[in-house]
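Take a look at the structure below.
The values are calculated or read from the model by the stated rules, or taken from the named source; none is laboratory data. Just so it is clear, the structure is predicted and the values come from calculations on it, not from any experiment. Positions of Cβ are backbone-derived with ideal geometry, glycine not excepted, and every protein chain shown enters the neighbour counts. The accessibility values were calculated without ligands, DNA or RNA, using every heavy atom of the protein model including side chains. Shrake-Rupley method; radii C 1.70, N 1.55, O 1.52, S 1.80 Å.
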Amino acid sequence: MMTINVLSQTFQSHQLMQLANEATRFLELTPKHPLPINSQFNGSGVYALYYNGKNPNYLALGGKPIYVGKAVPTGSRTGTYITREEPKLKNRLNEHVRSIQHTTNLNIADFKCQFIIIPLEMSAIISVVESMLINKYKPIWNTKIDGFGNHDPGKGRYEQARSEWDKIHPGRPWV
């Protein structure tokens, strides 16, 4: 049996962590916007949602995000990026607005968001920044109550079990 020295194969980059930390700090300095966002803009990036309502499940948030997410450019999964910016971030935020508006026990007026647009040529760091924010804040809808970020599963998969989020916040028509 051959022994592999895994330490010699462990990649470490202080520059990557520095870049992700810089993006995280940048997000934290951006203004919080009420939802829905009516302005038109293009781009992909990272966002944080904040809840300031009276739902007893979330009274202990203490100003921390309730959810952190990302919107990636078309083609990022396959490495075949398009060359023009699209409103991916705005569209993703609007998907969340619709999910919240469909519920019977949440009010969109109780939510705000922060976001940063990450240029197409830097979009590879979007997932890293999202992960860092989730690790830093441990948002309840990312870590404890799963299912908020789910997309409509599409025809033929509607029989799947309801997520924890949909049990607590019923109303999405596709669930």
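Things worth noting here:
One line per residue, one yes/no per condition, for (1) out of contact with any strand residue (DSSP E or B) (no Cβ under 6 Å at 6 or more places or on another chain); (2) modelled with pLDDT of 95 or more; (3) of a type outside the set (G, A, S):
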| residue | (1), (2), (3) |
| --- | --- |
| G45 | no, yes, no |
| Y50 | no, yes, yes |
| K54 | yes, no, yes |
| L59 | yes, no, yes |
| G62 | yes, no, no |
| K70 | no, yes, yes |
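- Beta carbons closer than 7 Å, at least 6 apart along the sequence or on distinct chains, pair a first residue in region 126-141 that is of a type in the set (S, T, Y) with a second that is open to solvent by 50 Å² or more (accessible area, probe 1.4 Å) for S127/K70; Y137/K64.
- Residue among G53, G63 that is in a loop (DSSP other than H, G, I, E, B), in contact (Cβ under 8 Å) with a residue 12 or more places away in the chain and on the phi > 0 side of the Ramachandran plot: G63
- Subset tally (residues that are touching a Phe, Trp or Tyr at 6+ places or on another chain (Cβ under 9 Å) and in a helix (DSSP H, G or I)) for region 12-38: 1
- Verdict on T104 being assigned to a loop (DSSP other than H, G, I, E, B) and open to solvent by less than 60 Å² (accessible area, probe 1.4 Å): no
- Residue that is modelled with pLDDT of 95 or more and of a type in the set (S, T, N, Q), where the choices are Q40, Q114: Q114
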